[in-house]
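The structure appears right after this line, and notes come after that.
The values are calculated or read from the model by the stated rules, or taken from the named source; none is laboratory data. No experiment lies behind these values; they were computed from the predicted model shown. Here the Cβ positions follow ideal geometry from the backbone for every residue, glycine too, while neighbour counts run over all protein chains shown. When the accessible area is computed, the model is the full protein with side chains, heavy atoms only, and any ligands, DNA or RNA have been set aside. Shrake-Rupley method; radii C 1.70, N 1.55, O 1.52, S 1.80 Å.
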Amino acid sequence: MAGKRSAGLLLYRGAAAGLEVLLGHMGGPLWERRDAGGWSVPKGEYVPPEEAWDAARREFEEELGIPPPDGPYVPLGEARQASGKVVTVWAVESDLDPERIVPGTFEMEWPRGSGVTGTFPEIDRVAWFPPYEAHERLVVGQRVFLERLADRLASGA
């Protein structure tokens, strides 16, 4: 049986100080006090026969509550996470206003073992970061996508 797979979109823009990327802070009580390593590319799981590309666009809209931006998409490939999950990401240039997001939600028992189910946002906020700040905030297994984006942009892709 194949392992879990996720796909997502990494937005980037040129700013006065240089390149910035849009990251989402993971929602729910497990992440609320965590900054370093608590941010992610907006993404989500999918199961074949759904294609990664379709899942990336669907998950962007589910997590942020707005349609994915138009424009040329830059494939950033796959990366295996420490959990074994394989994440596939595309980058697209866009200037999304973080105030526009309306995050999707999920339910989980919290506190664990309490029998109480709570509803939490999938992503509780999004923000633009220059690559060096994004690197510190991003989940370790997704940092490779920042490097790949920089390489693609430097090569003119």
Name the pairs: first residue in the range 38-56 and over 20 Å from R143 (Cβ atoms), second residue in a helix (DSSP H, G or I) and open to solvent by 10 Å² or more (accessible area, probe 1.4 Å), Cβ to Cβ under 6 Å, at least 6 apart or on different chains?
-> none
Evaluation of P103 against (1) open to solvent by 50 Å² or more (accessible area, probe 1.4 Å); (2) at pLDDT below 95; (3) outside any strand (DSSP E or B); (4) touching an Asp or Glu at 6+ places or on another chain (Cβ under 8 Å) (one fails), failing number = (1)
For the range 35-53, indicate whether the set of residues that are over 12 Å from the mean Cα position of the chain (by Cα), surrounded by 17 or more Cβ atoms within 10 Å (Cβ to Cβ), modelled with pLDDT of 95 or more and in a strand (DSSP E or B) is non-empty.
-> yes
Across the range 124-144, what is the number of residues that are under 18 Å from P29 (Cα atoms), assigned to a helix (DSSP H, G or I) and either of a type in the set (S, T, Y) or touching a helix residue (DSSP H, G or I) at 6+ places or on another chain (Cβ under 6 Å) (or both)?
-> 0
Per the filter on the range 132-157, residues without any contact (Cβ under 8 Å) to a residue 40 or more places away in the chain and either β-branched (V, I, T) or surrounded by 13 or more Cβ atoms within 10 Å (Cβ to Cβ) (or both) are E133, H135, R143
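Which residues, counting only those in the range 1-47, are among the small types (G, A, S) and touching a Pro at 6+ places or on another chain (Cβ under 7 Å)?
Selection gives G8, A17, G18, G24, G27.
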Quick one: in the range 73-94, of everything that is modelled with pLDDT of 95 or more and open to solvent by 80 Å² or more (accessible area, probe 1.4 Å), which residue is farthest from V144 (Cα to Cα)?
-> E93
The range 112-123, subset assigned to a strand (DSSP E or B) and within 15 Å of the chain's Cα centre (by Cα), residue surrounded by the fewest Cβ atoms within 10 Å (Cβ to Cβ) | P121
Of (1) within 15 Å of L9 (Cβ to Cβ); (2) outside any helix (DSSP H, G or I); (3) open to solvent by less than 40 Å² (accessible area, probe 1.4 Å), E59 satisfies all except one. Which?
-> (2)
